[in-house]
1. Select from the range 32-66 the residues that are touching an Asp or Glu at 6+ places or on another chain (Cβ under 7 Å) and surrounded by 13 or more Cβ atoms within 10 Å (Cβ to Cβ) and write down the one among them that is nearest to residue 1 (Cα to Cα).
2. Quick one: in the range 126-148, which of the residues that are part of a helix (DSSP H, G or I) and in contact (Cβ under 8 Å) with a residue 24 or more places away in the chain is surrounded by the most Cβ atoms within 10 Å (Cβ to Cβ)?
3. I need the full set of residues from the range 111-125 which are surrounded by 15 or more Cβ atoms within 10 Å (Cβ to Cβ) and assigned to a loop (DSSP other than H, G, I, E, B), in order please.
4. Search the range 1-22 for residues that are touching a residue at least 60 places away in the same chain (Cβ under 8 Å) and pair each with any residue that is of a type in the set (Val, Ile, Thr) and assigned to a helix (DSSP H, G or I) when their beta-carbon atoms are under 6 Å apart and the residues are at least 6 apart or on different chains.
5. If residue 69 satisfies every condition in (1) over 24 Å from residue 27 (Cα atoms); (2) not assigned by TED's automatic domain parsing to the domain that holds residue 23 but one, which is the exception?
6. Restricting attention to the range 78-103, which residues are closer than 13 Å to residue 133 by Cα and acidic (Asp, Glu)?
7. Looking at the range 67-84, which of its residues are of a type in the set (Asp, Glu) and surrounded by fewer than 16 Cβ atoms within 10 Å (Cβ to Cβ)?
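The values are calculated or read from the model by the stated rules, or taken from the named source; none is laboratory data. Computed from a prediction, not measured in an experiment: that's the story for all the values here. Note that we place each Cβ from the backbone using ideal geometry, even for glycine, and neighbour counts take in every protein chain shown.
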Amino acid sequence: MTLKERITEDMKTAMRSADKDRLAVIRMLQAAIKQREVDERIVLDDAQVTAVLEKMIKQRKESIVAFEKGNRPELVAKENAEIAVLQPYLPAQLSDAELDALIAEAIAATGAASIKDMGKVMGIVKGKAAGKADMGAVGARIKAKLGG
């Protein structure tokens, strides 16, 4: 079953159980997927759907920061609830040890010695960890390993 099919099945389940909040988030996700398909005139595969999910989660995390600054706890709770619905569709996240091993392997493969080589290392790690790790945090780890 593809990720899009799983999302559709979950939408049907949410409809049957009258879970309005979950249904609204899933419909929003489907709309974002459909919008990208229409804009780019393609059918999204699982990797591209995962990218849409990551973008939606990132937007919600940024909103949470803004709402916390604005002292809006009800909106923070809403965004956290949406993240909780979206998160299970992402692949299992890499552990810190797995991520460090992947970074070390990429540094060895590219022969990276300084921060100037970060792009090469990031390219390799991004290919292997896409959807399985927060790439912002990965970038910070690579920078630290390369002495940046």
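1. Per the criteria, the residue is 44.
2. Among those residues, the one meeting the criterion is 142.
3. Across the range 111-125, the qualifying residue is only 112.
4. 3/49; 22/85
5. Here residue 69 clears every test but (2).
6. 96, 98, 100
7. 68, 74
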